[in-house]
Amino acid sequence: MRILFVTPYVPSRIRVRPLNLIKALSATHEISLVSLLTEDYELEMVKDVAPYCASVDLVPLPKWHAYANCLLAFPTLTPLRIAYYRSPSFARRIKEVIRRQNIDVVHGELIKVVPALKAVLADEKIPILYDSVDCISWFLQQQLETTSNPLKKAFVYSELQKMRRYERYALVDFDQLIITTSSDREKLGILTGQTQNIEVVSNGVDIDYFAPWNEPRVADSLIFCAKLDYFPNAQAILHFCEQTLSLVWKHRPQVRLTIVGSKPPQSVQALTFDERITVTGYVPDIRPYLGTASVVIAPLLVAAGMQNKVLESLAMGMPTVATPRCSRTLGAQDGVHLLEADEPQAFAKAIVELLDNPQLAQQMGEAGRQFVAEHYSWESAANTLNRLYSSIVNAPGRQDLAAKLALITWEASDPAEANSYVYGMPQKNP
């Protein structure tokens, strides 16, 4: 089968879900990729996904264009996270690749690509599987509940109302919806009224890559790994440092915290005023940091979908403390695979318990790795997708339509897009 992945960013070791799904599916299918390019550094990440693709097309989205989109959308009913990524060039390139590569099915990921997918459906009657990953309305509802600043709260409330409307009406035209957890499936199903058309496809972990580290762990060391320009991650570590870390220091003042992740905002960088806190910024490989810490923390206040950083830490056999919103969607058992804690006092107590009891930490780390190995496989996710692709491609009337589309000759339609990037095969506009 010829499958086209459509993403708002380049799949990579940072964007693990599309990368690993493409990798697993490429064993039996021909995969093409069309992605927006919103940051120059993403060009370096193409090497992660290109070996598994027949073609890779990147469509630049300049910052000024994205900001202009938001300004125009602000007084409308369109959520800003949808407006930001709108790109007519993106939609045109998707249509061109569908014809050029004779695509059988389109796999779109995240709400950010929905306008482009809808534009494709206006011209191409091709089956589309849409991966919501999580329910964005539920995510915004949690953000609203945990935001105290009145202006931010008003903004989040406005975006929540717009997103509820968007998710309710914009997703019904897709042949199949998938999502990472059953709780998000339930919430998205309530909005769309089509729970039966939403299937759970969980994330996985490459347990060979995320294996226990061979170097010794640093005593009394905590680590938080996350993409730090993502508001819930920055919010989580700021809240932890303000409310919880002092309670840990009360019992063990020598404890050090390392915060690992790209694009830390100034508020996170400012935490280093205490020499016991280190902020690394972007690192090419998080495993040496994860693998040598005493305890991994995941103190998120807002969490929708599946938290892959928790899965990765468990896969490496790391003792982990997480908020229930992080851990419960995974099916991990509190006190067996990790420790759950919500309030600052309980979170600090759980950390100190693991630091005080290395035997418990080791036992929990081993149980966590076994749990991930048994329940989170990318191959299992790919098998589910194989079944869903076949179902929508072989739906009544689809086969005759596919034969007609195969007769269409692809021609590049917009010379102005000559600055886009194409990998894997010669193009008219390289």
*Yes or no: residue 353 of a type in the set (D, E, K, R), surrounded by 21 or more Cβ atoms within 10 Å (Cβ to Cβ) and either in the same structural domain as residue 138 (by TED's automatic domain parsing) or touching a residue at least 12 places away in the same chain (Cβ under 8 Å) (or both)?*
no
*Pick from region 249-264, criterion of a type in the set (A, V, I, L, M, F, W, C) and within 29 Å of residue 209 (Cα to Cα), ranking: surrounded by the most Cβ atoms within 10 Å (Cβ to Cβ)*: 259
*Selection count, region 190-199, where residues are modelled with pLDDT under 95 and crowded, with 17+ Cβ neighbours inside 10 Å*: 2
*asked:* So, in region 126-143, exactly how many residues are over 16 Å from residue 115 (Cβ atoms) and within 14 Å of the chain's Cα centre (by Cα)?
replied: 4
*What are the pairs, 6+ residues apart or on separate chains, where a residue within region 51-78 that is modelled with pLDDT of 95 or more has its Cβ under 8 Å from a residue that is part of a loop (DSSP other than H, G, I, E, B) and loosely packed, with under 11 Cβ neighbours inside 10 Å?*
60/419
*Out of region 1-51, which residues are among the aromatic types (Phe, Trp, Tyr) and in contact with a Pro (Cβ under 9 Å, 6 or more places away or on another chain)?*
5, 9
*Of 182, 246, 202, 267, which residue is touching a helix residue (DSSP H, G or I) at 6+ places or on another chain (Cβ under 7 Å), loosely packed, with under 15 Cβ neighbours inside 10 Å and of a type in the set (Ser, Thr, Tyr)?*
267
_Residues located in region 229-275, provided they are among the β-branched types (Val, Ile, Thr) and part of a helix (DSSP H, G or I)_ = 237, 248, 268, 272
*For region 140-161, state whether one or more residues are in the same structural domain as residue 78 (by TED's automatic domain parsing), in contact with a Cys (Cβ under 9 Å, 6 or more places away or on another chain) and not polar (S, T, N, Q).*
no
*Quick one: in region 28-50, which of the residues that are at pLDDT below 95 and in contact with a helix residue (DSSP H, G or I) (Cβ under 8 Å, 6 or more places away or on another chain) is nearest to residue 95 (Cα to Cα)?*
38
_Within region 36-53, tally of residues that are surrounded by fewer than 17 Cβ atoms within 10 Å (Cβ to Cβ) and either not assigned by TED's automatic domain parsing to the domain that holds residue 88 or not in a helix (DSSP H, G or I) (or both)_ = 1
*Out of region 270-318, which residues are surrounded by fewer than 17 Cβ atoms within 10 Å (Cβ to Cβ), among the aliphatic types (A, V, I, L, M) and touching a Phe, Trp or Tyr at 6+ places or on another chain (Cβ under 8 Å)?*
283
*Quick one: is residue 220 more than 20 Å from residue 128 (Cα to Cα), surrounded by 15 or more Cβ atoms within 10 Å (Cβ to Cβ), touching a residue at least 40 places away in the same chain (Cβ under 8 Å) and touching a strand residue (DSSP E or B) at 6+ places or on another chain (Cβ under 9 Å)?*
yes
*residue 256: basic (Lys, Arg), within 23 Å of residue 361 (Cβ to Cβ) and under 23 Å from the mean Cα position of the chain (by Cα), yes or no?*
no
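The values are calculated or read from the model by the stated rules, or taken from the named source; none is laboratory data. This is a predicted model, so every value here is computed, not measured. Backbone-built Cβ (ideal geometry, glycine too); neighbour counts: all protein chains shown.
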